[in-house]
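The values are calculated or read from the model by the stated rules, or taken from the named source; none is laboratory data. Nothing here was measured: the structure is a model prediction, and the numbers come from that model. FYI the Cβ positions are ideal-geometry reconstructions off the backbone, even for glycines, and counts take in every protein chain you see. Remember, those area values only see protein heavy atoms, side chains included, never the ligands or the DNA or RNA. Shrake-Rupley method; radii C 1.70, N 1.55, O 1.52, S 1.80 Å.
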Amino acid sequence: MSQSLYPVSDALKSSAHANKEEYQRLYQWSVEDPEAFWAEQGKRLDWIVPFSQVKNCSFAKDKASVKWYEDGQLNASYNCIDRHLPDNAQRTAIIWEGDDPTADKHITYRQLHDEVCKLANGLKQRGVNKGDRVIIYMPMIPEAAYAMLACARIGAVHSVVFGGFSPHAIADRIQDCGAKVIITANFGRRGGNQVALKDNVDKALLKDTTACVEKVIVFKFTDSPCHWNEQKDEWWHELTANCAAQCEPVAMSAEDPLFILYTSGSTGQPKGVVHTTGGYLVYASTTHHYVFDNKPDDIYWCAADVGWITGHTYIVYGPLANGATTLMFEGVPTYPDVRRMGQIVDKHQVSILYTAPTAIRALMAKGDEPVQGSVRDSLRLLGSVGEPINPEAWQWYYQKIGKSQSPIMDTWWQTETGGILITPLPGVTDLKPGSATLPFFGVTPALMSSEGEILEGEAEGNLVITSSWPGQARTVWGDHERYNQTYFSTYENMYFTGDGARRDADGYYWITGRVDDVLNVSGHRLGTAEIESSLVAHPAVAEAAVVGYPHDIKGQGIYVYLLPTDGTEITPELTKAVRTWVREDLSPIASPDMIQWTTGLPKTRSGKIMRRILRKIAANEYEQLGDTSTLADPSVVDELINNRLNR
Ligand code: 6R9
């Protein structure tokens, strides 16, 4: 653990949206009288029908129910666009930086309005109504944000699918949410390569289970031709050519769904996490305001992908609700070379940079080269999200990228939390590298022992939140039972995060990582069960067990143990084929780093795989395997150790 403390600078103490005293006062208020605190924050938005009820939540076992501002009505697209027009129509809403370093553009709030309205009208013409689901499978281009906001404008529920996902993953999501329309592009670009997005959609639509899709709207992003289905496909530019640049925003109840976002759990299929309109947007706006201290002159860059929750809340909804200028980057920080991040900061005079530890570590591995050729003097605030940031990476980020001038907001949160829950605030929190520090307003974390006792003071345990906040997910699409089971069945009246954490003597939280069977690979959540089910679908694989192991750049790597089907000859080609299989079946992110073939897996007599042992072997900690006496056949452990792959 790092003991160094980085105090708040004097400049930030006086200039930031909150200072220490205010934080204490506001935090106290927010937890003692959440109704009043969140009623006040609700005023950040424009309501069509004002709310009178603020909070109506229960974390009761088997019947959890979360509602905020439930009698209010509003429109998210209106709040992110129209209300800024009277004063700031010409302000830049989105700066787009292409994969190609010579490509960029600025979109004003006025232009954003017009583009969103045109597409919203186009969607209406194609029969998309309030409540219909629309899948968005797009590159990181402004049109991805237009598509999200166009759905929000007419009350359609969007579900963005990350552009790196396979046809299989798209098909599963289409089926689960019953999507009527897909919005995609002919191709995307990433790191100099073309990504055949439309082709992947076509493959997903070959399955019977995706027959619910009536239309595919295709944005023509590159000149390369793509396959065309006359019945379903329609070009975005043709659809919108004659559409008006005015579209009345639909009044949505605060509790109407805004979007579904699929994320991995510890078992089976990804869950469709549902966020609703009012609470989510209030929370996105409030956290973006305080955590990033955004001011009118700031250029704010969240380097995530819109396919993840971070992109939803902190590229699109939070910053746009606050009238900020948000930068959207199509590419990767290592293309054309590792200096790219610094160059983008200089080129657009970025003042707030929010990225992930995995990106930092990838750059850090290249020494000083990433910071050569840029000065980065415009930066004043840094952020980190997605996984624990190790103190070395923190120091490198702080010293090299930020030139020891900008504090780092290490923000802990999840797809299910909608926005940041544990975080420093710029004018408030003295930083400790590696700690996400203290709860945001209205957030009440606690640590639990595995026996279900609340741990006080300095302690380490399972992280729970004891009371609701407005950005909390409301349900799992089509499966409220799974929502209850996953988040509210472990501890009575508490939201269980699935993470472990330690609290130090100053009350600072240190997130230790997942305590369930969810991996965090380069900040991406992957369920071991999903990868295993993909592996056993390969004809050469009889059984599979997947665990994570420490990986210098990705945080966690994927280690796979495979039992071949009878008569299978194990060859390097087969191993390669299995890896390709997973890449294509799920996503390149899920591609195994290590594949070890074995004749047996360590199982208890009741047939349960003892992952604890597999994790130790994968981590090269095979001398500390613990008790193996309950194994049905302890000898498999020796075989596994002897054939362990060198990392
Ligand atoms: C926003 C996001 C959530 C999981 C979460 C935790 C890990 C995220 C973190 C962090 C330590 C941080 N995580 N931020 N761990 N410090 N600052 O990443 O959502 O993709 O749902 O992942 O990521 O394990 O439970 P999501």
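At the listed q of 0.06, 0.08, 0.10, 0.11 Å⁻¹, the Debye profile of the chain, built from one uniform point per Cα, gives log10 I(q)/I(0) equal to -0.32, -0.58, -0.93, -1.15.
Here the sum of -39500 (n - 2.57) over DSSP H runs of 4 or more residues, divided by the residues of the chain, equals -8000 deg cm²/dmol at 222 nm, to the nearest 500.
Figure note: D566, D593 ranked by solvent-accessible area, largest first, 1.4 Å probe, ligands and nucleic acids not counted: D566, D593.
Projected onto its three principal axes, the C-alpha set of the stretch 210-257 covers 42, 30, 19 Å, listed from the longest axis down. Using the eigenvalues of the Cα gyration tensor, what equivalent ellipsoid semi-axes result for the stretch 448-541 when each is taken as the square root of five times the eigenvalue, whole Å, largest first? In descending order, the three semi-axes are 28, 18, 12 Å. A cysteine counts as unpartnered when no other cysteine's C-beta lies under 4.7 Å of its own; in the chain this applies to C57, C80, C151, C177, C212, C226, C243, C302.
I need the Kirkwood Rh of the stretch 233-385: take the reciprocal of the average 1/r across all distinct C-alpha pairs and report it in angstrom. Spell out each step's value before the answer.
Values: mean 1/r = 0.0562 Å⁻¹.
The Cα-based Kirkwood calculation yields 17.8 Å.
Would you work out if the stretch 423-495 is rounded, prolate or oblate? Take a ≥ b ≥ c from the square roots of the eigenvalues of the alpha-carbon gyration tensor; rounded if a/c is under 1.5, else prolate when a/b is larger than b/c, oblate otherwise. Because a/c hits 1.5 or more and a/b fails to exceed b/c, the stretch 423-495 counts as oblate.
The eigenvalues of the Cα gyration tensor, multiplied by 5 and square-rooted, give the stretch 44-195 an equivalent ellipsoid with semi-axes of 29, 24, 15 Å from largest to smallest. Solvent exposure of C57, expressed as accessible area, is near 40 Å², computed with a probe of 1.4 Å over the protein chains only. Partner lysines whose Cα lies under 28 Å from the Cα of K432, excluding those fewer than 8 positions away in the same chain, are identified as K13, K20, K295, K366, K400, K403, K554.
Using 10 Å bins from zero, what percent of all Cα-Cα pairs in the stretch 522-643 falls into each bin? Spelled out per bin, shortest first, that is 13, 46, 34, 7.
Shown here is the pair-distance distribution of the stretch 349-439: with all Cα-Cα distances grouped in 10 Å bins from zero up to the longest one, the shares run 17, 52, 27, 4 percent.
For K366, no residue whose modelled amide H falls within less than 5 Å of its own remains once neighbours fewer than 5 places apart on the same chain are excluded.
Couplings 3J(HN,Hα) of the stretch 105-119, computed from phi: 7, 10, 10, 7, 4, 5, 5, 4, 4, 5, 5, 5, 5, 4, 5 Hz, in residue order, whole Hz [Karplus 6.51 cos²θ - 1.76 cosθ + 1.60, θ = phi - 60°; x for Gly and Pro]. Under a 5 Å amide H cut-off, with hydrogens placed 1.01 Å from N, I183 pairs with I135, I136, Y137, I217 among residues at least 5 apart or on other chains. Ordered by solvent-accessible area of protein heavy atoms (1.4 Å probe), largest first, the residues Y487, Y622 come out as Y622, Y487.
When nucleic acids and ligands are ignored and a 1.4 Å probe is applied, F221 ends up with an accessible area of around 40 Å².
Charging the Cβ of each Asp and Glu at -1 and of each Lys and Arg at +1, and nothing else, the dipole of the stretch 271-388 about its Cα centre rounds to 140 debye. K124 contributes an accessible area of around 90 Å² to the protein surface, as traced by a 1.4 Å probe with all chains present.
Between A542 and A196, what's the calculated FRET efficiency when r is the beta-carbon distance and R0 is 41 Å? Round to 0.05. The value I calculate is 0.80.
Just the accessible area per residue of the chain, please: how many Å² with a 1.4 Å probe? Could the numbers behind the result be given before it?
Details: 24070 Å² over 647 residues.
That works out to 37 Å² per residue.
Applying both filters, DSSP loop and at most 15 other Cβ atoms within 10 Å, to the GluC sites (Glu not before Pro) of the stretch 553-590 gives E569.
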